[in-house]
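The next block holds one structure in the form of structure tokens; read it before the comments.
The values are calculated or read from the model by the stated rules, or taken from the named source; none is laboratory data. Keep in mind the model is a prediction, meaning the values are calculated, not measured. Don't worry about glycine lacking a Cβ; one is built from the backbone with ideal geometry, like all the others, and counts go over all protein chains shown. Remember, those area values only see protein heavy atoms, side chains included, never the ligands or the DNA or RNA. Shrake-Rupley method; radii C 1.70, N 1.55, O 1.52, S 1.80 Å.
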Amino acid sequence: MPRLNGERRHRIAFTLDGKPVSGEAEPRLLLSDFLRHVIGETGTHVGCEQGICGACTVEIDGRPSRSCLTLAVQVEGAEIRTVAGLAAGPETLCVLQEAFRARHGLQCGFCTGGILVSLNALFRDKPEASEAEIREVLSGHLCRCTGYVSIMEAALAAQKRLSGKTHA
Amino acid sequence: MKPPRFDYFAPQSSAEALAALAEEGGEAFILAGGQSLLPLLTMRLARPRLLIDIMRIEEWREIRLEGGAIRIGAGVRQAELESFPGLARHQPLLALALPFVGHPQTRSRGTVCGSIAFADPSAELPLALLALEGQVHLRSRQRARSLAAADFFTGTMASARAEDEVIEAVSFPVAGEGCGYAFREVTRRGGDFAIAAFAAFVDERSARLGVGGVADRPFLRFMPRPGTKDLDEALDAFAFDLEAREDLHASARYRRELVRRLGRLALEEAERCRA
């Protein structure tokens, strides 16, 4: 890639939730803003914009990461997964989402997308994650509504169902 | 806020990166994981003319064991080191300290060398590098040099790195026979910067205590062995010599008390882990 001029927009292409996407970005555009304003995928929320709150968490090449601490130009050619790609279709929920709905794992829902992305990766990479490991992952997300009790319950319920499915 | 404008360059070779850095004369910043740099840009505390993204440089993305040390290249992410096979055996202190660095969602991008380069006085990796008496390997277009950690950190977010230099790698000595390690820290919430952090290293002959978050940079001192009577006095002297910082989160007096109490606990824990 040649040096990209900061005054101009440049074409960026990557894979988003399994589909190729592209759009134009100045070098300074954050991935979170690229997803929301250029691509129009608003499932990824923007909270603190300094890496603390976790609302904007997406998977970059298989690892949950802050999209507000990443420039769009950095993910050229990468594979990005967001909360929008978790369920099989717009009318269905994945196991995690179902558990969050059933167990009241969200109230306002602003932080939920990021939490689901992190937990989805954890249960995929480490199905037998301990409660302490789940808490460690959740420590990267701020929720100001639930007090986390119902989030933990939802996470544990989803983990149980997911591991049941794996063994069946 | 949003970051100010800058040019962006993602070279494939270290030679291109070093040339670009030399040509910009201090107006270029190295971008690795971006987990410390992006907040600075978003808050407009930094206004570089050019960001040089080094993560596409394959030769810098390697962890290797050589000459009794773990050498970690500039592009190695913290999560990659965390999952390096046998890390807890090669160097237990690194395995103990890494979980305290940010969150899993920032370790996934943040690099080891980037954390060293930022030289935050509360950061865990600079403390671990200092406590283990590791080395910082610097390279510019003209020259390469290696500095001891103690000579690298010079103050709050300040280091001996010149404007045209990149931290090409850092090396942490591997654990020796009969060494024990411990890492402790105090934070308001998990993942926050440490109010005080402690890295203890005990072997057959000596005991060492590194303290971060208290002074303007991490400091290391030889201590009496745990269980000997001089330890309290030595911890007290260390606590005062650090000239503890005072901020919103903790008074200087509280930080001194942490040095006395957690310093002792860390040393005792390291002693127990020996063998």
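Listed here are the residues, each with its yes/no results for (1) closer than 17 Å to A:Ile60 by Cβ; (2) open to solvent by 20 Å² or more (accessible area, probe 1.4 Å).
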site	(1), (2)
A:Gly114	yes, no
A:Phe123	no, no
A:Ala129	no, no
A:Val137	yes, no
A:His141	yes, no
A:Thr146	no, yes
A:Val149	no, yes
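Regarding B:Arg225, is this residue of a type in the set (D, E, K, R) and touching a Phe, Trp or Tyr at 6+ places or on another chain (Cβ under 9 Å)? So B:Arg225 does not fit the description; no.
Look at (1) away from chain B (no Cβ under 11 Å); (2) surrounded by 17 or more Cβ atoms within 10 Å (Cβ to Cβ) and you find that A:Leu156 fails only one, number (2).
Within segment B:32-43, residues that are closer than 16 Å to A:Cys48 by Cβ reach partners that are assigned to a helix (DSSP H, G or I) with beta carbons closer than 6 Å, at six or more positions or on different chains, in the pairs B:Gly34/A:Leu69; B:Gln35/A:Leu69; B:Gln35/B:Thr106; B:Ser36/B:Phe118; B:Leu38/A:Leu69.
Scanning segment B:1-30 for residues being within 11 Å of chain A (Cβ to nearest Cβ), in contact with a strand residue (DSSP E or B) (Cβ under 9 Å, 6 or more places away or on another chain) and under 17 Å from B:Glu58 (Cβ atoms) gives a total of 4. Just checking, does segment B:36-44 include any residue being basic (Lys, Arg), outside any loop (DSSP other than H, G, I, E, B) and modelled with pLDDT of 95 or more? Looking through segment B:36-44, none of the residues is basic (Lys, Arg), outside any loop (DSSP other than H, G, I, E, B) and modelled with pLDDT of 95 or more. Considering only segment A:61-83, state which residues are open to solvent by 20 Å² or more (accessible area, probe 1.4 Å), of a type outside the set (A, V, I, L, M) and in contact with a Ser or Thr (Cβ under 8 Å, 6 or more places away or on another chain). If the condition is that a residue be open to solvent by 20 Å² or more (accessible area, probe 1.4 Å), of a type outside the set (A, V, I, L, M) and in contact with a Ser or Thr (Cβ under 8 Å, 6 or more places away or on another chain), then A:Arg63, A:Pro64, A:Glu79 are the ones that fit.
Residues that are within 14 Å of chain A (Cβ to nearest Cβ) and among the aliphatic types (A, V, I, L, M) do occur in segment B:96-115.
Can you give me the ranges of the strands (runs of 3 or more DSSP E) entirely in segment B:176-275 with at least 3 residues that are open to solvent by 50 Å² or more (accessible area, probe 1.4 Å)? Working first, answer last.
Details: elements: B:180-186, B:196-202, B:207-212, B:219-223.
Correct list: B:219-223.
Among the residues of this structure, B:Gln12 counts as one that is surrounded by fewer than 23 Cβ atoms within 10 Å (Cβ to Cβ) and polar (S, T, N, Q).
Which of the residues spanning segment A:85-103 are within 24 Å of A:Arg66 (Cα to Cα) and in contact with a Ser or Thr (Cβ under 8 Å, 6 or more places away or on another chain)? Correct list: A:Phe100 only.
Under the condition of being within 14 Å of another protein chain (Cβ to nearest Cβ) and either assigned to a loop (DSSP other than H, G, I, E, B) or not charged (D, E, K, R) (or both), the residues counted in segment A:15-29 number 5.
When each of A:Glu49, A:Glu91 is tested for being open to solvent by 10 Å² or more (accessible area, probe 1.4 Å), within 14 Å of chain B (Cβ to nearest Cβ) and either among the hydrophobic types (A, V, I, L, M, F, W, C) or farther than 14 Å from A:Ala121 by Cα (or both), the lone residue that passes is A:Glu49. Inside segment B:138-169, residues that are in a strand (DSSP E or B), open to solvent by 70 Å² or more (accessible area, probe 1.4 Å) and touching a residue at least 24 places away in the same chain (Cβ under 8 Å) make up a count of 1.
Checking every residue in segment A:61-69 against the condition of being more than 11 Å from chain B (Cβ to nearest Cβ) and farther than 22 Å from B:Ile57 by Cβ gives zero matches.
So for segment B:74-90 (the condition being farther than 21 Å from B:Val112 by Cβ and of a type in the set (Ser, Thr, Tyr)), does at least one residue qualify?
no
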